[in-house]
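The structure under discussion appears below in the form of structure tokens.
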Amino acid sequence: MIRVMTYNVHSCRGTDGHLSPERIARVIGAARPDIVALQELDVGRARSGSLDQAEIIARSINMDFHFHPALRVEEERYGNAILTSLPLRLVKTGALPGLSRRPLLEPRGALWVAVDVGGGTELQVVTTHLGLRGDERLAQAEALLGTAWLGHPDCRTKPIVLLGDFNAPPRSRTYRRLAAQLRDVQGVPPGQRSVPTFPARWPLLRIDHIFLGQRVEAVRVEVRRGPLERLASDHLPLVADLVIRAGP
């Protein structure tokens, strides 16, 4: 069984206004995931003390990681990371499309790694943080489903997990497009009650998702809602226990 987590960490600034990568690391450590996807990490940004938040968190929980900066401003970087205690290799990082008529929208990107989960099986793990506009998110979802990412020959025939902050509730076009090809862990097992993840103190919206491809099944799903989780970020972490069926 493989435990995965997706968590928007809000540049490690909590709902109390306190900046603490170490507190985020405690939240992650308490959940004991094998693979973690993090969004909104600062690396070398003046606003967060010029820290490398990805490295601090990974070191604190004894994990390796890859970080992809969706945004660069001189030496400052901001983006997503995947952390794991399992053997991993970087497959791809890249930008996702914006809107040509809105050139000042925040850049968005994706990160794809392959994680060796044992038994000769590699799990393809892709994380992203989609835009705030509906048409922007839909274009980005189409790109992720296309041949450069999940539809790539190195990905489409293998077990896949797509996870992150999609800014897309279940009734949105973006969510429906992704759910047409992938399975949302909060929809399984049958009878599972879906739980919102944002905002952390009084969660109303389900915008953080874990989607599964073929051969991957969720056996347990949890939105962690303890006092520390409600304090550490403006999102709550979503965790799923997965099993991978044998296949070709």
Open item on the list: Suppose we filter ARG102, ARG176 for residues that are among the basic types (Lys, Arg), more than 20 Å from GLU217 (Cβ to Cβ) and modelled with pLDDT of 95 or more; which single one remains?
Closed with: ARG176
Task: Residue pairs meeting the criteria (Cβ under 6 Å; at least 6 apart or on separate chains; first within 15 Å of LEU163 (Cβ to Cβ), in the range 175-192; second at pLDDT below 95 and surrounded by fewer than 19 Cβ atoms within 10 Å (Cβ to Cβ)) - done: GLN186/SER194
TODO: Look through PHE211, PHE166 and report the one residue that is within 30 Å of GLY17 (Cα to Cα) and modelled with pLDDT of 95 or more.
DONE: PHE166
- [ ] Can you give me the number of residues within the range 20-30 that are among the aliphatic types (A, V, I, L, M), buried (at least 18 other Cβ atoms within 10 Å of the Cβ) and more than 17 Å from PHE198 (Cβ to Cβ)?
- [x] 2
Open item on the list: Which of the numbered conditions does LEU71 fail, given that it passes all the others? Conditions: (1) at pLDDT below 90; (2) more than 26 Å from GLU142 (Cβ to Cβ); (3) surrounded by 13 or more Cβ atoms within 10 Å (Cβ to Cβ).
Closed with: (2)
Open item on the list: Criterion first (surrounded by 15 or more Cβ atoms within 10 Å (Cβ to Cβ), under 18 Å from the mean Cα position of the chain (by Cα), among the polar types (S, T, N, Q) and more than 20 Å from ARG201 (Cβ to Cβ)) does GLN53 satisfy it?
Closed with: yes
Task: Options ASP135, ASP165; residue that is free of Cβ contacts under 8 Å to residues at least 60 places away in the same chain, among the acidic types (Asp, Glu) and closer than 25 Å to GLY79 by Cα - done: ASP135
Task: Filtered residue count, the range 222-248, keeping only those that are hydrophobic (A, V, I, L, M, F, W, C), in contact with a His (Cβ under 9 Å, 6 or more places away or on another chain) and surrounded by 20 or more Cβ atoms within 10 Å (Cβ to Cβ) - done: 2
Task: Single residue of the range 117-169 satisfying the filter (among the aliphatic types (A, V, I, L, M) and part of a loop (DSSP other than H, G, I, E, B)) that is surrounded by the most Cβ atoms within 10 Å (Cβ to Cβ) - done: ALA168
TODO: Within the range 74-108, track down each residue that is loosely packed, with under 12 Cβ neighbours inside 10 Å and among the acidic types (Asp, Glu).
DONE: GLU74, GLU75
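The values are calculated or read from the model by the stated rules, or taken from the named source; none is laboratory data. These figures come from a predicted structure and were not determined experimentally. Because the Cβ atoms are built from the backbone with ideal geometry, glycine has one as well, and the counts that use them run over all protein chains shown.
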